[in-house]
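Notes follow once the structure below has been shown.
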Amino acid sequence: MQNAKSIVQTKKKDSMQHVASDVTFMTTVFVNLYMVGTNDSWVLVDTGLPKQGWRVRAAAEERFGKGARPEAIILTHGHFDHAGNALGLAEGWDVPIYPHELELPYLTGKSDYPPQDPTVGGALAQMSRLFPHSGYDFGSRVQMLPRDGSAPGLPEWRVLHTPGHTAGHISLFRERDRVLLAGDALATVNQESVVTLLTLEKELRQPPAPLTTDWGAARRSIEQLAKLQPSAIAAGHGLPITEDAATKMNEFAAHFAPPPKGRYVREPARTNENGVVALPPPVPDPVPKLIAGAALALGAGALIYSQTRRRRRS
C-alpha cells in the first residue's frame, strides 16, 4: 500500500493539491473543499465560501477535463463556508446535495444554526462576529445521506456521523489507505492565532470554536476518529497531516479539551430533526461595549479637532 505521505504533493499548474492519488483539494480563502475520484466518476465534498463557484468549476475541469460533472455533492455540514456554493453548483451540474439527516433542517429552510460564540476567544472568534449563522433552503436538490453509512458515488468510503461542530456533521473515511476527510470535526491549523492562520503551520486542533455548539459531542467524535488510525488527516481548515498522523491523532484525542470559556462550553445547544430547540444563555461579551466606546471616543476626537481648526481659521 502506498503511504499517504508520499503522495501528498502540490500541482503547480492549478490550485489543486493531492491528499491521495484520487483525492484532491482546493482552498477558497480559508476553507477547503475536496474532489474525490477519477475522470470516470467523482464526488465533490463541500463547496467553499459563497461566490466561489466559478473557481470550483474551473478547478474541476482542470482536474477532470472540460465539462466535468460530479456524481453528487456531499456536505460535511451546512455552514456558510462549506455550503456556500452548493445550490449553484448542484443546479449547474444537475446533481443532488447530500447532508446527514440532522443537518436537513438548516438546508431546507426550517431552521437557522445556533448563533456563533465570539466569547470563546482567539482570532477566529473575533472574525466570527461577521459570519452569518442563517440556514439555507436548497429545496428538492437536498437528499438525505443513506443511514447505512454508505457514501453516494464513493463505494470505498464510509460516512461517519461526527457531531459537535454541528448536530449533523459527518466525516468520510476510506479503509484501503486510511485517508480521513474530517470536515470541521477538527482542524489542522491553530485558528486562534492570526500568525498560524496565515502560515498554515500544521497542527491538530479543536473544531472551529466559535461555531462549535456541543463540546461533549465534539470530544466523542474526535475519540471516534482517533480509533480509525488514519494515515492522512484532511480537514476543512488547514493543510493535510500525513506524517505520523495516527500517533498525532491519538495524542490529540487523549489531551483534547474544550475552550475554558464560552456560551456552549458548559451547556450545548439543543437540537433535533427540526433544528434548534433551545440555546444556553449568552455569556457576557465586553467587546461590543469596547468598540462602542472606542467609536465614541474617536467621534469626539474628530469633533474637537474639527472645531479647533475652525477657530484657527477664524
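Descriptive notes on the structure:
- Hey, GLY48 free of Cβ contacts under 8 Å to residues at least 40 places away in the same chain and touching a helix residue (DSSP H, G or I) at 6+ places or on another chain (Cβ under 9 Å) or not: yes
- Looking only at segment 54-87, and only at residues there that are touching a helix residue (DSSP H, G or I) at 6+ places or on another chain (Cβ under 7 Å) and within 25 Å of GLN116 (Cα to Cα), the one that is surrounded by the fewest Cβ atoms within 10 Å (Cβ to Cβ): LEU87
- Residues in segment 42-62 that are aliphatic (A, V, I, L, M) and closer than 10 Å to THR28 by Cα: LEU49, VAL56.
- Candidate set: segment 242-284, residues that are part of a loop (DSSP other than H, G, I, E, B) and among the aliphatic types (A, V, I, L, M); chosen: the one farthest from ILE74 (Cα to Cα): VAL283
- Condition check for GLY262: under 17 Å from PRO207 (Cβ atoms), modelled with pLDDT of 95 or more and out of contact with any Leu (no Cβ under 6 Å at 6 or more places or on another chain): yes
- When residues in segment 26-40 are screened for being on the phi < 0 side of the Ramachandran plot and touching a strand residue (DSSP E or B) at 6+ places or on another chain (Cβ under 9 Å), 7 of them pass.
- Being part of a loop (DSSP other than H, G, I, E, B), within 19 Å of the chain's Cα centre (by Cα), in the same structural domain as LEU75 (by TED's automatic domain parsing) and farther than 22 Å from TYR98 by Cα holds for only one residue in LEU197, LEU239, and it is LEU239.
- Residue within segment 116-135 that is among the aromatic types (Phe, Trp, Tyr) and buried (at least 22 other Cβ atoms within 10 Å of the Cβ) present: no
- Here TRP42 meets each of (1) surrounded by fewer than 19 Cβ atoms within 10 Å (Cβ to Cβ); (2) more than 18 Å from HIS237 (Cβ to Cβ) with one exception, condition (1).
- Scanning segment 54-71 for residues that are in contact (Cβ under 8 Å) with a residue 12 or more places away in the chain, more than 12 Å from MET35 (Cβ to Cβ) and assigned to a loop (DSSP other than H, G, I, E, B) returns a single hit, GLY65.
- Pair list, Cβ under 6 Å, 6 or more apart: segment 194-221 residue farther than 28 Å from LEU279 by Cα and surrounded by fewer than 16 Cβ atoms within 10 Å (Cβ to Cβ), other residue at pLDDT 95 or above and of a type in the set (Val, Ile, Thr): LEU200/VAL189
- The set of residues in segment 137-160 that are part of a strand (DSSP E or B) and in contact with a Leu (Cβ under 8 Å, 6 or more places away or on another chain) comprises ASP137, VAL142, ALA151, LEU154, TRP157, ARG158, VAL159, LEU160.
The values are calculated or read from the model by the stated rules, or taken from the named source; none is laboratory data. Only a predicted model underlies this, so the values are computations on that prediction, with no experimental measurement involved. Backbone-built Cβ (ideal geometry, glycine too); neighbour counts: all protein chains shown.
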